[in-house]
Structure formats: structure tokens, C-alpha cells
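A.B. asks: Handing you a structure now.
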Amino acid sequence: MASILVLAGAADLPKEGPLPLSRPAPQAADETTPPPAEVMPEKEPAEDAKEKEEAEKAKERPHEDDKAEAACRAALAQAGATFEEAKVVDDGKACGIDKPVLLKGLAGGVTVEPEATIRCETALQLARWMDGSVKPALEAAMPGETITGLSQASAYVCRNRNGATEGKISEHAFGNAIDLAGFTLKSGKAVTIRPADKDSTLEGAFQRAITEAACLYFTTVLDPGSDAAHQNHLHLDVKERRGGYRYCW
């Protein structure tokens with residue numbers, strides 16, 4: 001049987017050209033998700049060569065500058081963090097940290113459980129975020145409570161993004177990332193990271209507030225609403241991007 005298509009408001013349709021296609025459903029976000037694409041002019045050969053060169057560099061782990069690392073360690077100590085110098089991590093061309101730190105605690109007696117092997121810059125931004133945003137948000141949500149412990153789910157590990165068997169190297173493989181599973185409070189209460197977009201409690205508001213604030217310190221912030229791989233933690237990393245772009249999901 002022939003089908004009949006009824007068009008409402010046909011006068012409003014363009015006189016020429018095909019009807020617009022429906023927009024595809026959005027894909028799940030992860031560490032690899034790029035910013036929204038824009039229509040760009042055709043690249044010049046020099047631009048293609050530059051992109052290929054950057055892609056090759058991305059396969060190698062970053063190498064730290066001595067002066068920058070010394071300044072970072074001074075700032076980390078001033079922020080009240082407890083840390084030690086860690087041995088060079090060398091897991092091949094793509095994975096490792098030249099000058100890692102072993103982060104043991106943060107200002108105010110906050111322990112990092114377990115201790116985290118990461119780059120100094122990652123530790124410094126974590127310390128700044130805790131003092132600048134997490135602690136004030138907790139005081140507003142739960143007056144009288146303080147954080148005694150930070151539970152991290154993943155620091156340095158040599159793997160691909162989201163644990164995939166193929167694809168790009170994770171920022172964890174460079175020491176640029178840390179996954180936060182939750183906090184321990186002075187009362188003994190545990191605050192765990194979980195899907196909280198529709199949680200109307202003060203604890204839910206606390207999680208949303210610190211997640212939004214995290215993008216003031218980190219260049220990538222992925223929460224339980226981003227995809228299935230981040231349902232129980234916040235992924236925080238300091239990946240450098242062109243133009244200072246930040247990815248907050």
C-alpha cells in the first residue's frame with residue numbers, strides 16, 4: 001500500500017532543496033570527547049603537517065622543566081600539602097612521569113587515601129580546589145563538618161582512556177589526572193561521588209557545587225553524568241589544550 005505523507009505548514013518550507021535531516025543523538029562523553037565541531041575551511045598542507053606533528057608528540061609522555069617543577073613544589077608546600085619526591089616512572093615511550101610526587105595529604109590534616117603518584121601540577125590544582133572550593137562548599141552544606149580524608153580511585157596508571165584496549169593514551173598515564181571517589185568527614189560520615197544531577201539534598205548540592213568549581217582549577221572535569229565509565233567518581237586532569245580550552249561535563 002502506498003503511504004501518504006501529510007505536511008503541516010507547507011508554506012513555510014523552503015522552495016528548493018531537500019528537507020533537513022534530524023539531528024543525531026549525542027554521544028556519551030569521556031576523556032576523548034572533543035569540543036563541539038564547527039564548519040572549518042579546507043586545511044592548508046602546512047596545517048595538516050602541523051597536526052600530524054602534534055599527533056606524533058601526543059604519543060610521547062610530557063617532559064617536565066626543572067625550573068617549573070621547582071616552582072610547583074614550592075607552591076605545593078606553601079599550600080600545606082604533604083608529599084615526597086617519587087622515583088621516575090618510565091613505562092615506555094607513551095607512559096610515565098619524569099618528576100613525580102607522592103601526594104600523602106592536603107592542608108588541614110586531610111589524608112589522601114591511598115597515597116597518589118602524580119605530577120606536581122595535578123597535586124597543586126587538587127590542593128587549590130580543596131581549599132578554594134570544596135571546604136567552603138562543605139561548610140555551607142554541612143556546618144561544623146570538616147574533611148579528614150580524600151579517597152582517590154586512580155592516580156598514575158599506564159592505560160588508554162577509559163581503560164579501552166585501543167585508542168588514545170589516558171592522562172592518567174602522564175600523571176596529569178586523578179579520580180576522586182569521595183571524602184571522609186570528621187564525624188566519620190563518608191560522602192561518596194554518585195549521580196547527583198537530580199539529588200535535591202544538601203549533599204547533592206554539595207557535589208554539584210564542587211564539580212562546577214573544579215573547572216576553575218582543572219582543564220578536564222568528568223562527573224557521573226558524563227558516561228557509564230564515570231558513575232562513581234570525578235575525573236580531574238590538567239591536560240593542556242590549545243587556546244586554554246577546558247572540558248567540563
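A.B. asks: Summing +1 for each Lys or Arg and -1 for each Asp or Glu, what net charge is found among the other residues whose Cβ lies under 11 Å from the Cβ of Gln152? Mind dumping the intermediate values first?
C.D. replies: Details: positive: none; negative: Glu113, Glu115, Asp179.
For residues surrounding Gln152, the net value is -3.
A.B. asks: Taking Cα pairs under 8 Å and at least six residues apart, what relative contact order does the stretch 145-210 come out at, in percent?
C.D. replies: 30 percent
A.B. asks: Mind jotting down a quarter of the surface of the convex hull over the alpha carbons of the stretch 66-248, in square nanometres, one decimal?
C.D. replies: Mean projected area of the Cα convex hull: 10.7 nm².
A.B. asks: Where does the charge balance sit around Cys215 when Lys and Arg score +1, Asp and Glu -1, over other residues with C-beta under 14 Å from its C-beta?
C.D. replies: That works out to +2.
A.B. asks: Still on this structure, I have one more. Could you give the length gained by full extension between Asp65 and Thr201, i.e. 0.36 nm per residue of separation minus their alpha carbon distance, to one decimal place? Display every interim value, and only then the final one.
C.D. replies: Details: separation 136, 0.36 × 136 = 48.96 nm, distance 4.48 nm.
Here the answer is 44.5 nm.
A.B. asks: Let me ask another. Which FRET efficiency value, to the nearest 0.05, do you get for Lys93 and Glu139 by plugging their Cβ-Cβ distance into 1/(1 + (r/R0)^6) with R0 = 45 Å?
C.D. replies: Approximately 0.50, to the nearest 0.05.
A.B. asks: Report the charge-dipole magnitude of the stretch 66-248 in Debye, nearest 20, computed about the Cα centre from +1 at each Lys and Arg Cβ and -1 at each Asp and Glu Cβ.
C.D. replies: Approximately 220 debye in magnitude.
A.B. asks: Show me 145-156, 109-120 ranked by packing, highest mean number of other Cβ atoms within 10 Å first.
C.D. replies: So the peptides 145-156, 109-120, ranked by packing, come out 109-120, 145-156.
A.B. asks: For the stretch 62-152, with only Lys/Arg (+1) and Asp/Glu (-1) charged at the beta-carbon, what is the dipole magnitude about the Cα centre, in debye rounded to 20?
C.D. replies: About 120 debye.
A.B. asks: Here is a further query. Once the piece of chain linking Arg159 and Ala77 is laid out straight, how much longer is it, given 0.36 nm per residue of separation minus the C-alpha distance between them?
C.D. replies: Computed gain between Arg159 and Ala77 is 26.6 nm.
Laboratory data are not the source of any read-out in this text; all were calculated from the coordinates shown. On a predicted model such as this, the values are computed, not experimentally measured, just so you know. In this analysis, Cβ positions are derived from the backbone assuming ideal geometry, glycine residues included, and neighbour counts consider all displayed protein chains.
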